[in-house]
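In what follows, a single structure is set out as structure tokens and then discussed.
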Amino acid sequence: MKTSNQPERTDGRATAPRFVMSHLTYNYRRHGEPVINDVCFTLSSGHIYALLGENGVGKTTLLHLMSGLLRPQQGSALCEGERTDRRRTETLGSIYLLEEEPEVPQMAIGDYGRLTGAFYPHYSDAIFADCLAAFSLEPQQRLHHLSMGQRKKALIAFALATQVRWLLMDEPTNGLDIPGKEVFKQLMARHVSDDMAVVISTHLVDDIEMLTDHVLVMKGSRLIVDCPTDVITQRLRFEERHMGSAMADAIYSQPTPAGCLVVCRNTTGEETPLHLALFFNAVITQPHLMDDATQPDGDANGNDAAKS
């Protein structure tokens, strides 16, 4: 049965909704290098995307372009066929952007949920209440009296309660205490449905490693990786090797006190868990890492270990 959340093709069958970023380019200054340069990728519901990159590569700008807060100089962000920068009510009601350092109004948490939730058609009071309880927050607490970490918890609770199809999060765990980070993971697992897509921009990759199933990596204003995690682990192995171990097959290595962490081609077909921080460091050092991982043994760069 077709629902309001399932677009219909002309042949009558439902199609999965998509959020398409097409050749996005943006510059804050009239002259100079673009902050976002010809970025293309597509989001599909049912996935959690990790958006990774060094400081200043444009991750926050990209989220602002996606949400319609900025208008690209070139290209477009099409949310289910509508440009987000046109800021139509139906489109905005399907996207929520959780800012890294959001401003909060002078009101109680519960009032904020009740008033702001009205802008999101699928907002759930029950989910908001569940998330607040998990974070040990009370609806009568006033947002502007909370610490930074508590504000973040309250707004994460609201973000999940919106139940928007496209949830964008900029450093959501920055400022959370250790228990709060664990609660964040639990709530994400509990309240992100198959109808939703989540993009999490973060430097704290350990907080999302077990949640994400797709990796986006930016370098120098461009997108250099757009890949599902299962494809990464099919092509690459992530290992910890003791000092003195053989390294001829290493594509990338990173020293540790006991030896090194290694990325190598997966030639056995046996997959290892994705080490997201190690993968990020490797691909930033070697932007063609995923291409190199599929080359036959003996090709140039294939067997050279690089150390950060």
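Could you tell me which of rounded, prolate or oblate describes segment 6-144, using a ≥ b ≥ c as the square roots of the eigenvalues of the alpha-carbon gyration tensor, with rounded for a/c under 1.5 and, failing that, prolate when a/b is larger than b/c and oblate otherwise? Please list the in-between numbers first.
On the way: a/c = 2.17, a/b = 1.31, b/c = 1.65.
Note, shape of segment 6-144 comes out oblate.
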| query | Over the chain, what relative contact order in percent results from Cα pairs under 8 Å that are six or more residues apart? | reply | 17 percent
| If you take the charge dipole of the chain about its Cα centre, with +1 on Lys and Arg Cβ and -1 on Asp and Glu Cβ, which of 118, 208, 44 is farthest toward its positive end? | 118
| field | Debye, to nearest 20: dipole size of the chain, +1 on Lys, Arg Cβ, -1 on Asp, Glu Cβ | value | 920 debye
| remark: Classified through the alpha carbon gyration tensor (a ≥ b ≥ c as square roots of its eigenvalues; rounded if a/c is under 1.5, else prolate when a/b is larger than b/c, else oblate), segment 51-127 comes out oblate
| task | Would you grab the residues whose amide H sits under 5 Å from the one on residue 107? Only those 5+ places off in sequence or on another chain, please, with H modelled 1.01 Å from N. | result | 143, 144
| remark: Note, segment 36-46: 3J(HN,Hα) by Karplus (6.51, -1.76, 1.60, θ = phi - 60°), whole Hz, Gly/Pro = x, goes 10, 10, 6, 8, 10, 6, 10, 9, 10, 5, x
| field | Dipole-positive endmost among 247, 94, 168 within the chain (Cβ charges, Cα centre) | value | 94
| message | Sorted from largest to smallest, which semi-axis lengths in Å does the alpha carbon gyration tensor of segment 229-292 give for its equivalent ellipsoid, taking the root of 5 times each eigenvalue? | response | 18, 13, 11
| query | So what is the calculated 222 nm ellipticity per residue for the chain, using -39500 (n - 2.57) for each DSSP H run with n of 4 or more, over all residues, to the nearest 500 deg cm²/dmol? | reply | -7500 deg cm²/dmol
| said: Can you divide the C-alpha Rg of segment 190-286 by 2.2 N^0.38 Å and report the result to two decimal places? | reply: 1.17
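Label the chain by shape, choosing from rounded, prolate and oblate, from the square roots a ≥ b ≥ c of the eigenvalues of the Cα gyration tensor; if a/c is under 1.5 it is rounded, and otherwise prolate applies when a/b is larger than b/c, oblate when it is not.
prolate
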| field | Nonlocal amide H pairs with residue 218, under 5 Å, H built at 1.01 Å | value | 52, 53, 224
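Each value in this text was obtained by applying a stated rule to the coordinates, not by laboratory testing. What you are looking at is a predicted structure, and each value in this text was computed from that prediction instead of being measured. Cβ coordinates were reconstructed from backbone atoms using ideal geometry, including for glycine residues, and neighbour counts include every protein chain displayed.
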